[in-house]
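This report refers to the structure that appears directly beneath it.
The values are calculated or read from the model by the stated rules, or taken from the named source; none is laboratory data. Everything quoted here is computed from the prediction, not taken from an experiment. Cβ placement follows ideal geometry from the backbone for every residue including glycine, while neighbour counts extend to all protein chains displayed. The accessibility values were calculated without ligands, DNA or RNA, using every heavy atom of the protein model including side chains. Shrake-Rupley method; radii C 1.70, N 1.55, O 1.52, S 1.80 Å.
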Amino acid sequence: IRYGVVDYRMITTAFVNFVGDQLRTETSIFGDFKYHDSGVGITDPAIGDVDIETTDGESRATGTQAGTNNVYTSVGTISYSTGKNITEHGLFNASTGVTLMDRSEFGVITVVGGDSIQFTYSLTLTAGG
């Protein structure tokens, strides 16, 4: 079932700070924001978020990275071992912990064991803003 766009505009403060740090220190971990996580939390996203509100207990999916000059895209599929009511998604730069780039909350997607959800995250960067 295609649910379409589920959220807009919630880049976290942690990610903004990370970008500034990376521009100053030039490390190679900038391209690591490809780890998708989902959860069952119901609180609206906020720029101060540093993690999924309530994890669903499944492993993060490593996304495939793509995009064009000013658009970054990562597509990751999370498989579920038991039934859950999934209501949030986050994009991170490691398979556990570390920096949350973006978190979104959406209407319930009910899954049962053996189901999976494919999450597509796109970030569009606009020059001149």
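Kindly indicate whether any position in the stretch 30-47 is modelled with pLDDT under 95, open to solvent by 80 Å² or more (accessible area, probe 1.4 Å) and not in a loop (DSSP other than H, G, I, E, B).
Yes, some residue in the stretch 30-47 is modelled with pLDDT under 95, open to solvent by 80 Å² or more (accessible area, probe 1.4 Å) and not in a loop (DSSP other than H, G, I, E, B).
Which one of the conditions (1) of a type in the set (S, T, N, Q); (2) closer than 21 Å to Ser122 by Cβ; (3) in contact with a strand residue (DSSP E or B) (Cβ under 8 Å, 6 or more places away or on another chain) does Asn85 fail to meet, given that it meets all the rest?
Asn85 satisfies every listed condition except (2).
Considering only residues that are hydroxyl-bearing (Ser, Thr, Tyr) and more than 14 Å from Leu91 (Cα to Cα), look in the stretch 27-52 and name the one that is nearest to the chain's Cα centre (by Cα).
In the first step, residues of the stretch 27-52 are kept if they are hydroxyl-bearing (Ser, Thr, Tyr); the result is 27-28, 35, 38, 43.
Narrowing the set further to residues that are more than 14 Å from Leu91 (Cα to Cα) leaves 27-28, 43.
Values: Thr27: 21, Ser28: 20, Thr43: 16 Å.
The selected residue is Thr43.
All but one of (1) open to solvent by 20 Å² or more (accessible area, probe 1.4 Å); (2) touching a His at 6+ places or on another chain (Cβ under 6 Å) hold for Gly76, so report the exception by its number.
For Gly76, the failing item is (1).
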